[in-house]
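The values are calculated or read from the model by the stated rules, or taken from the named source; none is laboratory data. Treat the numbers as computed from the prediction; the structure is a model and nothing was measured. Note: areas computed on protein heavy atoms with side chains; ligands, DNA, RNA excluded. Shrake-Rupley method; radii C 1.70, N 1.55, O 1.52, S 1.80 Å.
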Amino acid sequence: MSSHVDTNHIENEGLRQVWSVHDFARRHRLDKEEEKRLLALFGSFATKQELLANAQRPCSFR
């Protein structure tokens, strides 16, 4: 029996999780306008990969 672990499978599996756009916006502290933009783009749910690739956060310079 082989005990080979496919790290690509493990890494990609997390990105394929389906998230509520509202929960994603809250967790990542996105403003209401950005949440509305993501809802218009994807509807109520999208994969984590899609949300991370498309979310826009304003730059916060100190």
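Across region 40-55, what is the total count of residues that are part of a helix (DSSP H, G or I), hydrophobic (A, V, I, L, M, F, W, C), within 15 Å of Arg27 (Cα to Cα) and open to solvent by 40 Å² or more (accessible area, probe 1.4 Å)? Steps first, please.
Residues of region 40-55 that are part of a helix (DSSP H, G or I), as a first pass: 40-42, 48-54.
With the extra rule that they be hydrophobic (A, V, I, L, M, F, W, C), the set shrinks to 40-42, 51-53.
Next cut, within 15 Å of Arg27 (Cα to Cα) only: 51-52.
Now restrict to residues that are open to solvent by 40 Å² or more (accessible area, probe 1.4 Å): 52.
Of the residues in that region, 1 qualify.
In this entry, Arg29 passes the filter for residues that are at positive phi, part of a loop (DSSP other than H, G, I, E, B), modelled with pLDDT under 95 and open to solvent by 100 Å² or more (accessible area, probe 1.4 Å).
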